[in-house]
């Protein structure tokens, strides 16, 4: 069985394991106050062109999301998200468990627009009963989205502008950020994120690390008390240096983008084969996730050999996701491409 | 200015004030453990044909909703509701503030169907990732709905059946229950509610009381710890007897239904005038709330003399709600009817 | 049975009932946006000498406490309270249910001192692990305390000073404030409270109203979003004018202090009788609550005729509380005094 | 600088790193549904003699604690803990952030007794106002305690008995469990824990793993929905197999006890030196944490060379903790012992 079902099917990029090995006996203080966390944070600040940013390393994406939301909102505020946002659909109510409502807007290719956000904010501003409804207090987007699609710099700029015009922060979930940075079409740099978002995170778990995400807070007003929030929600790792070491490895010498480029390239080979075969693509993704529609017959042929993420029946067959990672092997893609050609 | 904007514009039905006056110097224990609460609970149990039901008196509707939801759900469960449910749209995130997600389904005339609920429950039961999504743990409906419409006994029975087939409770918000019981078309009795719902509440605030709602819990598994929940969320009144006295007055001698009938009758007179004038009705309500569409010109004529609830622009003009109450005076309805005729 | 067990055993002061009666058919907007709430808030602002204060009317004391705490604290902050604070011992974990820890300090006669508060704040400021412990974010006191004792103006000033030196707000629970204002020894005026506290509330439920408390917020930074918090937690009354009417009655013509003076006077008559009989007083209260130790024999004699609050066995017998209210009748106190004399 | 300040100063035991390395390219499903998690859970069930137990791997200790508490309690229930319990003092209010109060009882050598727990439970059972106070719903203990001390089997049995007599679960925090299992004086086996506790966890982070704790739930009523709780609170690792691999390494071939024995042995060497020198020991610990009182002069001598955990001034000097781990080197202990001898 060759697994294309997700981008966290293997362990970590070998350079990360090597550095963990090399530093294993080093004694460091705990909770992120070690030299590796400092070094990694410095590298990230440099990469973002944001020397004043706070950088916090946390264990996972759901945690990053729930801590940022709970940290930025007042108790009666909610977070605007696409109906397909990870926080809305795949975190078992993690945001609501912190007491906050998610205010959903419909997505287009997994994205939401500045106009949609403005509509929500304007509706609240004009509400005859503003005390009786949840106040939109921040915006959540993901990049790449849950469908592998990308915001353009212009789209992101427009979202940022509307947020700041209404005085609320923009938060970007970068669980798969490497695959955006590694995509040819991408025109959003880390510097752009640092400039346009108030908080964002750089995903490690899905981008070559064993685990871990780096939360970057650029807006001073959003920085307050985040370490306390991390400790309270179980997001502060005792051996914090494990995260420092991993992110240092990712951001020293360009490994992070390399991981993204590699996986995106493998995904595009699959995409190309699908297109040539006439298999319909469900979203126009240029990153490591490809969604496509297989007939039941086609699915029956492939599923014994490959594990995909099965998104259930849609018109024309079954919606299937193939995902590549830093570890996807050329020969496995070759085999899949060959099998697609035979469909 | 004659107010038709809501059903809580006046104080309380005079019989309630009288009984409060008469009992004012009586000394009673606090927190609902007095003889008036006992008497009122007995009357309600009798009216519901539910001698084993727990009856709790709480201060308001938002409280009743949030306490019932928080009491019935496990931390990772959510509540199914219409997109127009009061808990979803007009309680400033009260349910989410208890940690729970609202799982919305589209409404038809303010109602949801057994088939819709079953679809949500079946989707969860079939989910490939049941640990990653919120588990539907109960159903919330309102009767009359936020649009003044009514569930039929058959519809309610079907909802009850699907809930119990999937092992989750059905909760009915009866903030305006008097106006259902008082409606000619209504075929759902208090006994039906006690039989088909696991928890429901009988509204007082909007139905002639100064304030207060009576939560009725018929299913033994739903009873546990509700008084503790009430105290914790600030829903247990120190002078609990005030609620007992009011609900005793409402349920002694049929006042509760009388209040509903009176208000519904006034609303139907307005509805008739609107229909005759050709003003479009937005929902087919037979209770004390009537939604209709006025042209901007019509609205301009009426709004100086009457206060309505303004629901904003819709196709054809402006969506307006007129509401009657136990206190709506014949002469005020006469005047409005005359003015509608002149539009 | 003559009840001295609490100060909420009867309904409301007759002047309040009269005004509710008089205004019963008046039509007003809901949710505290009516003229009675405005008038009552104005009277309170005048009485406090605080023309800029926000005044919000809420249903009960537990609600007032939980909403103020949840509104003032960040998620990782806690509230400093005496071990005997109402929020710590008698609200079923209402504060914790909003997500916040109570940081207790030992009480002396129900009170805590500026030195104690400073010690907690200094300990946190010096903590080697400030991210791992709850940050003290506000101070809660009650006046009169749960034991009927009073803070002096100097004590309150010292508490206020230390809070503000450390940048945290001081919140005073005035559920029984009338009995402080009515006490001869009291040297803390409403103006003092407005000046020294950031938020406090003026109790209605225990001080002659049917129910309701008036939350007064003087510090601008503490005002934000309080009405949303009220709606979310079920503390915003639909017929808000009921609270406006009641507080208008209490603050028009000095009724509030009158209620306090009356009850305090009755309590002092009981205290005098106890002292003369040699019954030990447990706290030095000059307000409407008197705590004293009866032998089991003495208790056996009195308990058939009077209901007291029984605080269980203590050295020397049983700790008993007698409470008076606006409604306590002279003849009932006469009888009790006579019976005490006979012990 | 030689670090004795904590037991998480280094990375992971080499056998763990090796197995992570060996399995790095293995493709597995995520979220704990891989073969390594199954294998590790099987080993743990065997070691506990509990074939029916649920075993869940989570990222850290604070998370394990907050998820177990939130999973076992109803909203109005609290958890009994020593005043020195980790959940009470060092988790930034993590338990309260889930809505629950911690009901503290004083500790003796870091432990609480069955009699103390019974007193709390009996007081609640006898409370005249059970609806107004937090209901004790579970007991939390740690073993070894925060002071390195151990419960005896008899003490644990007595705690278990009182809990079950009152119908509440016993939860044991085993963040440092290896150091109990490795201690000569310990008479509590994993089988005992499985028999006497309803839920406990086996610490990895402090016991040789990179990170991770294994939550063991033996009581069927406590099992419900725990994976959903894990996902919701961010405790479910995407690459769950990392935890499976680590715990497999720890429980295959007795590594877990070996880690404990090694660290305990090193700690006892330090303890012996302290005793011989006459340095007062603050608690009678036989595990990897030793608390002792250094004079300021002694502390000044040692602190340049060694990092200890500094617990601040106490009578006689400064309370200091030395901690050993799986990685503590003989030569470092030799040096410290020599320096102690020179004090």
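In the protein assembly as shown, what is the volume of the convex hull around the alpha carbon atoms, normalised per residue and reported in Å³?
177
Listing B:58, A:215 from the residue with the fewest other Cβ atoms within 10 Å to the one with the most, what is the order?
Taking fewest neighbouring Cβ atoms as first place, the list is A:215, B:58.
Relative contact order (percent) for region D:14-255, with alpha-carbon contacts under 8 angstrom and 6 or more residues of separation?
32 percent.
Other chains near D:16-25: what is the mean number of their Cβ atoms within 10 Å of each residue's Cβ?
Counting other chains' Cβ atoms within 10 Å and averaging over D:16-25 gives 4.
Highest first, please rank the peptides A:155-165, C:199-209, A:306-316 by the mean number of other Cβ atoms sitting within 10 Å of their residues.
With the highest mean Cβ count within 10 Å placed first, the list reads C:199-209, A:155-165, A:306-316.
For region B:54-98, treating each Cα as an identical point scatterer without solvent, what Debye log10 I(q)/I(0) comes out at q = 0.29 1/Å?
Scattering profile of region B:54-98, log10 relative to I(0): -1.18.
Taking the rotation that carries B onto D, look along its axis and tell me which residue of B has the beta carbon nearest to it, distance in whole angstrom.
Nearest residue, distance rounded to whole Å: B:99, 4.
Determine the percent antiparallel among the DSSP beta bridges restricted to chain C, to the nearest 5.
55
I need the inter-copy label distances for residue A:52: point set 7 Å along Cα to C-beta, values in nm with one decimal, smallest first.
Result, one decimal in nm: 2.8, 6.1, 6.7.
Provide A:282, A:8 in ascending order of the number of other Cβ atoms located within 10 Å of each residue's Cβ, fewest first.
Exposure proxy ranking, most exposed first: A:282, A:8.
Return D:84, C:295, C:28 ranked ascending by Cβ neighbour count within 10 Å, so the fewest neighbours appear first.
Fewest to most other Cβ atoms nearby, the residues stand as C:295, D:84, C:28.
Using a label point 7 angstrom from Cα along Cα-to-C-beta, what distances in nm, from shortest up, separate residue D:342 from the other copies?
Spacings between copies for this position, smallest first, are 7.4, 8.5, 10.5 nm.
Relative contact order for region C:258-343: what is it in percent, counting Cα pairs under 8 Å that are at least 6 residues apart?
36
Once you keep just the Cα pairs under 8 angstrom separated by 6 or more residues, what percentage relative contact order results for region C:1-147?
Result for region C:1-147 is 21 percent.
If you count, for every residue in B:85-92, the Cβ atoms of partner chains within 10 Å of its Cβ, what is the mean?
Average per residue, whole number: 5.
Take region C:130-178, compute every pairwise Cα distance, and split them into 10 Å bins from 0; I just need the percent in each bin.
That works out to 24, 46, 24, 6, 0, in percent per bin.
Would you compute, from DSSP H runs of 4+ residues alone, the mean residue ellipticity of chain D at 222 nm, taking -39500 (n - 2.57) per run and dividing by the full residue count, rounded to the nearest 500?
Only helices count here, giving -12000 deg cm²/dmol.
So for the protein assembly as shown: antiparallel DSSP bridges make up what percent, rounded to the nearest 5?
Beta bridges within the protein assembly as shown, antiparallel portion: roughly 55 percent.
Quick one: of the DSSP bridges fully inside region B:130-267, what percent are antiparallel, nearest 5?
Beta bridges within region B:130-267, antiparallel portion: roughly 40 percent.
So if the hydrodynamic radius of chain D is defined as the Kirkwood radius over C-alpha pairs, what does Stokes-Einstein give as its diffusion coefficient at 37 °C and 0.692 mPa s, in µm² per second?
Approximately 158 µm²/s, per Stokes-Einstein.
Using the alpha-carbon centroid of each, what span in Å lies between region C:279-328 and region A:80-149?
If you average the Cα positions of each part, the centres end up 57 Å apart.
Mind checking the mean number of beta-carbon atoms from other chains within 10 Å of the Cβ atoms in C:255-267?
Average per residue, whole number: 0.
Which percent of the Cα-Cα distances in region D:64-207 go past 23 Å?
Tail of the P(r) past 23 Å holds 29 percent of the pairs.
Laboratory data are not the source of any read-out in this text; all were calculated from the coordinates shown. Just so you know, these numbers come straight off a predicted model, no measurement behind them. Please note: Cβ atoms are built from the backbone with ideal geometry, for glycine as well, and neighbour counts cover all protein chains shown.
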